[in-house]
Amino acid sequence: MKFHHVKRTAYLLCILAVVCDGSWKVGVIYQIDEWRDLHKPNNLTSVFEISKDYINGTNALTAAQKVYNISSDGVFGIIAFTSCVMAPVIKSQANDMHTPIINIVKHHCPADQGGVQLSSIPNCNIQNSLIVDITLHMRWQRVNILYDSSAALCIQDLLTRMSLKNVSSKVTFLTGGIPLNSILAIIGRQWMKEVIYVSTSEHTALDIISAAQELDMFNSSYYWVLNLHPHKLWNSTAYKSVHKGHVLVVSPHRQHNGTTTHALLYDALSIFQRVLNFSRGTCDSASSNSALPLYLTTRQLMNTPWIKDCDILGTLELHVYSTDKESWPPLQDVAVYTQMNVLNISGERLYKNTFNGFNNKTLKVVSVVGEPFQMRVDEGNGKFYFYGFTYDILDEFAKEFSFRYEILDSVDGLYGNPTEDGQNATGIVGMEADIGVAGFTITKERKAVVDFLYPFQEEGIGIIMKKVDNKAGKMFRVFSPFEMDSWLATTAAVLVAGIVLSLIVKLSPFNTSTGLKESVSRSFWLAFSTFLHQSGEKTPKSASGRIVLGIWWMFTIIIVSLYTANLAAFFTISLAKAPIDSLQELASQTVYKPLIKQGSNLHTLFQNAEEGLYKKIWDMMADMPKIKTAEEGYAMIVKGKYAYLTDESETKYKAMSDCMILEVAKETFHKAELSFVINKEAEFKDAFNNHMLKMVEGGIVDKFRSKWWPQNNCPSSTTATELVFESTSGIFVVYGGFLVISLTCFIIEVLLIQGKKHTSNKVQSPPNDIKDISLIMVDI
């Protein structure tokens, strides 16, 4: 205990002597198997005197002895160029000697228990903050993170930061047991960009680059962020494919050479220089009355507010490099990130290979007629232009990215598909143009030769045909509320009621109605007149007869009410019914033949079908006329028994344009996405995708859709309309028919009476009423 007080007193005396003398000594220890020895920076020569010593390997006793020797030499502090293994040993011994210590290491080390530690790579906070700022700048919503054990200490902090910014993460730890090709293949491809952040050792990062090269992942669908020194990437064999992709290189590693070590020593000496400046009142945040503490422990050096106020460690910067296929060197320095959490981007774009506009360039656009997506107008002299739903979308792109366009016709009037050999394509798909503007169905076959933009809508295939002639049905619509079975059942009910009433009247001893007893037909007429809510016939007097008649009254009220309600509904809704309502119905009938455009995606779909419903439809098309345009298809269905199959939106538009002739089936099939086609690896693909997504989510595409597909072109089937004679003529026909029947019966009765008259002995004169009838017949 006494020895400890003596040593501490000697140490204080040495510090006092140094302060009074104005000479400052700093001890520097080099672990020569990790670092190179350097002289002290020239611009600090007048401030500090350096006492150097060396250690080799990881011998803890030797390192502790070196720290003891330097501390005993009356130094102001120690700067140790060491490793993560030796840093705790050196720090512990310096703490025992009450000597401020700054450890400088090359890698991320676990959190220590005090002291100031510099590193040749930035700490997790700075690096993760940079990655989050890049994510926010690029407006990414999801990031795939690949990391190994070298970055395990930093990933949890990164995930926390991303979750606070509402960025989702898919994290994969690389253990070495699963091939990198398999891991990269799992990363799903969406319509929008996939972001992959690689935080691994340099060796593993280069292996990931090689695996991604084999999978063709350095294209416009992927955005990469790599923790890698740019020289490592430049000198790798994989760089030829990488430089065309979207790749950012964050360089946390300094080159471990003489210049780097010199800079780190300068940073460490600057810490002590700040302490001296603070004691002399030169730091902006320091008090002019502050005095230099004569006793500085390692914990005090790290935690005291006056060191933090002077921003001792604020000189570290991270540089961000981007691949650039148009310039040299191939990796361009595009941004600097400081410890003050400021991302300074040098140009307009972070990724140099991303698209930034056309600067009023003229693009080649090719289209084919398909209402209302694209409609063609001839101006004469070979000039024409297109307009429609898709051209409203194209004009929005032209405004956003500053380009003009010239329109070309499809070479064969087809949308197009790849040829069987896969080397060429027909129609628009095979033409040399910048953008194919139409409602292209996105298929695997087409994606082999062209790229698609983000889809502007999803829809199925519709079936359109000529309306059925329902004039006969309209004439007898008054009888439509009941089907034939209901009418027959109602007639049977009248007959049964008449029979039951006649039996009760005849057999009941309590019935005093002689009128009903005279004829059974009167009972039937009573049942019939009651059904029509008429009266006049005498009713039964017996209790049983009245019960039967009362039940019959209730029955007739219900039946007549149901008929009346249904009749009103039938007069206010459309009677027309499509002859075909689904693809299944089309395949199961023989009247209508399916019809599709040649060279369309639908044509390929049915042609390639090997079995099932699609194969059956294809067999029905054996003698199908070859049509190339929608107009030809609509002309065919108006003339003959054809059902035209095309995009649902197109069928609805055409049906609304001609409500009286055309009709669309209720069901659709083969749901698919529609989009524009562009050339493979077009530089503007990602920018166009982002803008298309923005228009879809912002309702701009829906606004254009409501313009071309208005809702009120055709009268609604549920809207009440005037009652025209055509709908009620059936009852007049029936009434006239019954009048003819009644008159015929009357004539037959007269003839029968006249026949009896001539065959009699003429003893008695005919009754007066018969004479009257004869006179009437003569008049007729």
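The values are calculated or read from the model by the stated rules, or taken from the named source; none is laboratory data. The structure displayed is predicted, hence computed values, not measured ones. Cβ sites come from the backbone with ideal geometry, for glycine too, and all protein chains shown count toward neighbours. Accessible surface areas use protein heavy atoms only, side chains included; no ligands, DNA or RNA. Shrake-Rupley method; radii C 1.70, N 1.55, O 1.52, S 1.80 Å.
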So, counting K/R as plus one and D/E as minus one, what does the shell of residues with Cβ under 13 Å around Asn128 add up to? 0
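Tell me, what is the per residue accessible area of region 171-235 in Å², probe radius 1.4 Å?
It amounts to 43 Å² per residue over region 171-235.
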Hull-based mean projected area of region 123-187, where the convex hull spans the alpha carbons, in square nanometres: 4.6 nm²
Which of the aspartates and glutamates could be linked to Lys466 by a straight reach, that is with a Cα gap under 19 Å, when you skip same-chain ones fewer than 8 residues away? Glu371, Asp581, Glu585, Glu631, Glu632, Asp647, Glu648, Glu650, Asp658, Glu663, Glu667
All alpha-carbon distances of region 339-429, grouped into 10 Å bins from 0, give the whole-percent distribution 13, 31, 27, 16, 8, 4, 1
Sorted by average packing, counted as other Cβ atoms within 10 angstrom per residue and highest first, what order do 641-654, 365-378, 483-496 take? 641-654, 365-378, 483-496
nm² value of the averaged projected area, convex hull over the Cα atoms of region 575-645: 5.0 nm²
Relative contact order of region 383-438, defined on C-alpha pairs under 8 angstrom at six or more residues apart (%): 27 percent
Here the Cα Rg-to-2.2 N^0.38 Å ratio for region 132-234 is 1.03
If amide H atoms are modeled at 1.01 Å from N in the peptide plane, then the residues at a separation of 5 or more from Val334, or on another chain, having amide H under 5 Å from its own are Val320, Tyr321, Ser322
How would you rank 622-629, 379-386, highest first, on the average number of other Cβ atoms within 10 Å across their residues? 622-629, 379-386
By per-residue mean of other Cβ atoms within 10 Å, what is the highest-first order of 390-399, 85-94? 85-94, 390-399
Residues with amide H under 5 Å of Tyr405's amide H, sequence separation 5 or more or different chain, H placed in the peptide plane at 1.01 Å from N; which? Leu363
Please compute the contact order of region 340-423 in relative form: average sequence separation of alpha-carbon pairs under 8 Å and at least six residues apart, divided by the residue count, as a percent. 35 percent
Net charge around Cys154, counting only other residues with Cβ within less than 15 Å of its Cβ (Lys, Arg = +1; Asp, Glu = -1)? -1
Step through the table entries Lys325/Lys597; Lys325/Lys694; Lys639/Lys680, compare each Cα-Cα distance with 31 Å, and write down the pairs that go over it. Lys325/Lys597; Lys639/Lys680
Treating every alpha carbon of region 159-219 as one equal point scatterer without solvent, the Debye formula yields log10 I(q)/I(0) values at q = 0.14, 0.21 Å⁻¹ of -0.46, -0.97
